[in-house]
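Have a look at the structure that comes next, please.
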Amino acid sequence: MSSKIEQLIDEIEEYVDSCKYQPLSNTKIIVNKEEIDELLRELRMKTPDEIKRYQKIISNKEAILSDARAKAEALINDATVHTNELINEHEIMQQAYAQANEVVKMATLQAQEILDNATIEANNMRMAAMQYTDDILANVENLINQTMRTTTEHYESFFGALNHYNDVINTNRVELNPPEPDSYPAASPEGAPNAGGGENLNLDLL
């Protein structure tokens, strides 16, 4: 079952796919700021809960190791009991001790194997949880960067168009109101005066 973060990322991707393209463009889209902000707000709210869930998985490492230690101790205790039974039951003490030592040795090896396997399993779970969390955060980071780039490109194009239209308007005003031949003022350091007293505005994206 997918996590809540994955579901939110799917929703954001579906929303981006459903957005209309800007006029004369097949790469830039028009994004509703309120809708994308709401999706990102939900994503920020869910991310800490998901990370806590995977931190809990990582913390289970100690539980796995504790369980393995308990099993190992149980094996050694059983082996010790069996050793005592062998010593009490056999008339030849040397044979009883040899058998008892062999049982303890085997139990110790099995206990060590359980501990080793439990350690490997716990470490694998920890690495998998950390990798998964990092992948989720990387996807969120890429999505935010993509949204920021798209929004910046949209506003750069918008202000570029406004500057172009402003230049056309000023040119038209000069053509509609040409100065009288005898009324040309002295050229300023910046160039010829602007007819009609209008200001040539240049809008820059801040």
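Out of region 102-115, which residues are over 44 Å from the mean Cα position of the chain (by Cα) and either closer than 30 Å to residue 125 by Cα or at pLDDT below 85 (or both)?
106, 107, 108
Step by step: first the residues of region 27-56, then only those that are modelled with pLDDT under 80 and assigned to a loop (DSSP other than H, G, I, E, B), then the one that is farthest from residue 152 (Cα to Cα). Which residue is that?
27
Still on this structure: Show the residue pairs meeting these rules: Cβ distance below 6 Å; 6+ apart or different chains; first residue within region 17-43 and under 13 Å from residue 147 (Cα atoms); second residue among the hydroxyl-bearing types (Ser, Thr, Tyr) and in a strand (DSSP E or B).
29/21
Which one is modelled with the lowest pLDDT, of the residues in region 68-101 that are assigned to a helix (DSSP H, G or I), of a type in the set (D, E, K, R) and exposed (fewer than 13 other Cβ atoms within 10 Å of the Cβ)?
89
Just the residues that are under 26 Å from residue 31 (Cα atoms) and of a type in the set (A, V, I, L, M, F, W, C), please, taken from region 146-176.
Within region 146-176, 148, 158, 159, 161, 162 meet the criteria.
Out of curiosity, is residue 129 of a type in the set (Gly, Ala, Ser), in contact (Cβ under 8 Å) with a residue 60 or more places away in the chain and either surrounded by 14 or more Cβ atoms within 10 Å (Cβ to Cβ) or outside any helix (DSSP H, G or I) (or both)?
So residue 129 passes the test.
Among the listed residues 151, 171, 147, which satisfies the condition of being modelled with pLDDT of 80 or more, assigned to a helix (DSSP H, G or I) and either of a type outside the set (Phe, Trp, Tyr) or exposed (fewer than 14 other Cβ atoms within 10 Å of the Cβ) (or both)?
Answer to the selection: 171.
Are any of the residues in region 16-24 surrounded by fewer than 11 Cβ atoms within 10 Å (Cβ to Cβ), closer than 16 Å to residue 142 by Cβ and modelled with pLDDT of 80 or more?
Checked against the condition, which is being surrounded by fewer than 11 Cβ atoms within 10 Å (Cβ to Cβ), closer than 16 Å to residue 142 by Cβ and modelled with pLDDT of 80 or more, region 16-24 yields at least one hit.
The values are calculated or read from the model by the stated rules, or taken from the named source; none is laboratory data. Since this is a predicted model, take the numbers as computed values, not measurements. Neighbour counts are summed over all protein chains in view; Cβ atoms, including those assigned to glycine, are modelled from backbone coordinates with ideal geometry.
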